[in-house]
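Trainee: To start, I am sharing the structure in question, which I have written as C-alpha cells.
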Amino acid sequence: MPRTPARAAPCGPNEGRLVAMSSALAFPATRARALGGSALGARPLGARSKRPVIASSRPALRVARAATDAVVDKAAHNEEQAALRDEMVSGCTECTMPFEAERASALANAALADHSRASAIARDADESDDGTSKMSLRALVVGAETGKLARALLQKGATHVLVLDHSRLMLDRAAEQFDGTSSSTTGNDSGARFLRADVCDVPAYQGPFDAVVFNDSLATQADPAEALRRAVLLTRPGARVVVSERESVEADEAESSTRLDVDALVADLPLQSTLDSPRLGKTMRRSDDDRGDSPRDESSDVHESSFVDLSCGSVTHTYEVPPLFKLRDAVAMSAPVVEGFGRGSRLMGVPTANLDVDVVAEALEGMRRGVYFGFARLPDDFKHGRWCKCVVNVGARPTFADGEGVTVEVHALRDFGRDFYGERMDVVVLGFLRPEMRFDGLQALVARIMADIGLARGALDDRACRERVDESVGFQVSDE
Ligand code: ADP
Ligand code: RBF
Ligand code: MG
C-alpha cells in the first residue's frame, strides 16, 4: 500500500471505518484466532440498520421502547462495524496503514510525553534499589489497527495497554505484534492485552487508565459523545485523552465540514486541552468567560484550540483530566453554615455543610467551579474544634434542575453526630480534584463523590501536603 495519507481502510481495497460490539469479552491473541471470524455476511460499507420506530401513546412505555431501541440499534451498529472490519482484515495479505509507524509514535507521544505519572514512575525507579518502579501506567487504546500504537505506548513508558476493538480478526492481527501475549483478563499483568468490547462496556477494574487513545475510532462509535464520557470515567486524575481521526490530505470541503467537533463533544467532561495545563497553574484562575453570570461555564474547562496535529494524515486532539494538584495559595474561608437543598444527607448519604456564599464571596473570586480538598473545623465547638479532612464542592450542581447560583458545600470526613446549622465553619482549601460536571443521575454522582473522597484522603495523607498546611496555615493537623 502506498504511504500516502488517505481515508483508507486499514488494508485491502475496501474503504470504511470500524467499530462496536457490546460484549466485554477479554481473550488472548491465541483465543482470538480460535474464535474465528464473524458469522455475519458482508454488508454494504457505511450502511446503517434502520429499525422501524414503534410509537406508543403511553409515555412510560415510550421511554422504555426508546431505551430498548437504542440498545438494539447500538448492538446492530456494533455488529455491522465488526463485520466490516473482519472483512477488511480477512481480505488483505500484507496489512499496513498510511504513516503507520510515524502516527503510532506521534500518538504515543501525545498520550505520554510529560505525563505526570510517567515522571513519577521514573523518579520511583531512580530511588528504588533495583532501578525499577512498582507503579503502573495503564493505557487504553480504542481501535486496534495494526497494533503499532500499543507497541509504541509500551516502548514510551506504559506498563499496561488494553486494546479494544469489535473485530476479532483486527485484534488478532494487532496481537501478532506481540510475542507471548498475556492471557490475563483482569489487567494485572503488564504488557498488551486485547479485548473485544465496546468502550462503554469496559469494566472499571480494567482501569483506572492514565491514557486513553481513540485510534481513528471515535467517529464510528454508535454514540461518540457517550463513548468519550465513559472513557473519561475510566481514567485517573492526570490522565491524557487523545482523539485521533485519520484524514485525507485531499479532504474536500464537505469532508472537513463533517469532521467530528471533538471540542464540542468534550465540553461537558472534566477535560482540558493540554495547552491549558494545570501544572502551569492556569486553570486555578477563572477564565474571563467563567466570571459572568452566564449559565454556561463547563466548557471553560476545555480550551477551544486543543492541539490539532495534521501530520501523519490525522487530526489529533489531546486533552488532560486535571491532575490532583495543590493550589498555589491555600484558600481560607470562614462562614456560617446555612440551609441548602436538603438533599445531601437524605438522598445522597453525603451531608454537605453549605457555607454562606455572601460571606465567602471574596475567596470565591479566585476559584473555578469544581471539587476541592482541604481541612475543616467548627472553631466554636470544643469537641469538634480540631481540623479534619474535607471535600468541598464550589459549583452550580448541574446534575440537578435547581442548578442556579454557586454554592460552597463542605463534606467533612468526620462523624459529628449532629447538625450544626448556624454555626461557623472554618475551611482551608488546599487542592483541586476536578471540574464540576453534569452526571446522568444521582447514583453516578454519588459514585463519583465517593471516588473524590478516596482521592482527597490519599492527597491529604501525603506528608508533603500536611507539612505545607502546617507551614502556610500555621496549625497542626489532627491525626485522626
Ligand atoms: P442542606 O441541603 O441543608 O445543606 P444536607 O443534607 O447537605 O442539608 O446536610 C447538611 C448538614 O448536615 C450540615 O449543615 C450539617 O449541619 C450536618 N452535617 C452532619 N455531619 C456532617 C458532615 N460530616 N459534613 C457536613 N455536614 C454535616
Ligand atoms: N454536583 C454536580 O452536579 N456535579 C458534580 O460534579 C458534583 N460534585 C460534587 C462533589 C462533591 C465532593 C460534593 C460534596 C458535591 C458535589 N456536587 C456535584 C454537589 C451535589 O450536587 C450537592 O452536594 C447536592 O446536590 C446537595 O446540594
Ligand atoms: Mg448541603
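Throughout, read-outs are computed from the coordinates displayed, never taken from laboratory work. Here the structure is a predicted model, which means the values were calculated and not measured. Positions of Cβ are backbone-derived with ideal geometry, glycine not excepted, and every protein chain shown enters the neighbour counts.
Trainee: For a quick protection proxy, order the peptides 107-117, 209-219 by their average other-Cβ count within 10 Å, most packed first.
Mentor: So the peptides 107-117, 209-219, ranked by packing, come out 209-219, 107-117.
Trainee: If you take the beta carbon distance between Asp223 and Leu442 as r and set R0 to 22 Å, what does 1/(1 + (r/R0)^6) give as a FRET efficiency, to the nearest 0.05?
Mentor: Computed FRET efficiency for Asp223 and Leu442 comes out at 0.50.
Trainee: Let me check against my output: what whole-number percent is the relative contact order of segment 95-185, with C-alpha pairs under 8 Å and at least 6 apart?
Mentor: Normalised by residue count, the contact order of segment 95-185 is 28 percent.
Trainee: Let a ≥ b ≥ c be the square roots of the eigenvalues of the Cα gyration tensor of segment 385-465; is it rounded (a/c under 1.5), or, if not, prolate (a/b larger than b/c) or oblate?
Mentor: oblate
Trainee: Separate question: What list of ³J(HN,Hα) values in whole Hz, one per residue of segment 229-244 in order, does the Karplus curve 6.51 cos²θ - 1.76 cosθ + 1.60 (θ = phi - 60°) give from phi, with Gly and Pro shown as x?
Mentor: Per residue, the Karplus-derived 3J(HN,Hα) values read 4, 5, 5, 5, 5, 8, 9, 9, x, x, 5, 9, 10, 10, 10, 10 Hz.
Trainee: Continuing with the same structure: Treat every Asp and Glu Cβ in segment 368-415 as -1 and every Lys and Arg Cβ as +1, leave all other atoms uncharged, and give the resulting dipole magnitude about the Cα centre to the nearest 20 debye.
Mentor: Using only the charged Cβ atoms, the result is roughly 280 debye.
Trainee: Still on this structure: Just order 149-156, 260-267 by mean Cβ neighbour count inside 10 Å, highest at the front, would you?
Mentor: My ranking of the peptides, most packed first, is 149-156, 260-267.
Trainee: Which value, in debye to the nearest 20, gives the size of the charge dipole of segment 345-437 about its Cα centre, when Lys and Arg are +1 and Asp and Glu are -1 at the Cβ?
Mentor: So the magnitude is around 480 debye.
Trainee: Can you give the FRET efficiency to the nearest 0.05 for Met450 and Asp129, using r as the Cβ-Cβ distance and R₀ = 25 Å?
Mentor: 0.10
Trainee: Calculated FRET efficiency, Phe400 and Val357, Cβ-Cβ r, R0 30 Å, to nearest 0.05?
Mentor: The computed FRET efficiency comes out at 0.95.
Trainee: Taking 0.36 nm per residue of separation and subtracting the Cα-Cα distance, what length does fully extending Lys383 through Ser90 add?
Mentor: In short, 98.3 nm is gained.
Trainee: Something else now. Could you go through segment 413-422 in sequence order and give the Karplus-derived ³J(HN,Hα) for each residue, using 6.51 cos²θ - 1.76 cosθ + 1.60 with θ = phi - 60°, rounded to whole Hz, and x for Gly and Pro?
Mentor: Result, rounded to whole Hz: 8, 7, 9, 7, x, 6, 7, 9, 4, x.
Trainee: Sticking with this one: From the Cα gyration tensor of segment 330-468, with a ≥ b ≥ c the square roots of its eigenvalues, which class applies: rounded if a/c is under 1.5, or else prolate if a/b is larger than b/c, or else oblate?
Mentor: Here segment 330-468 falls in the rounded category.
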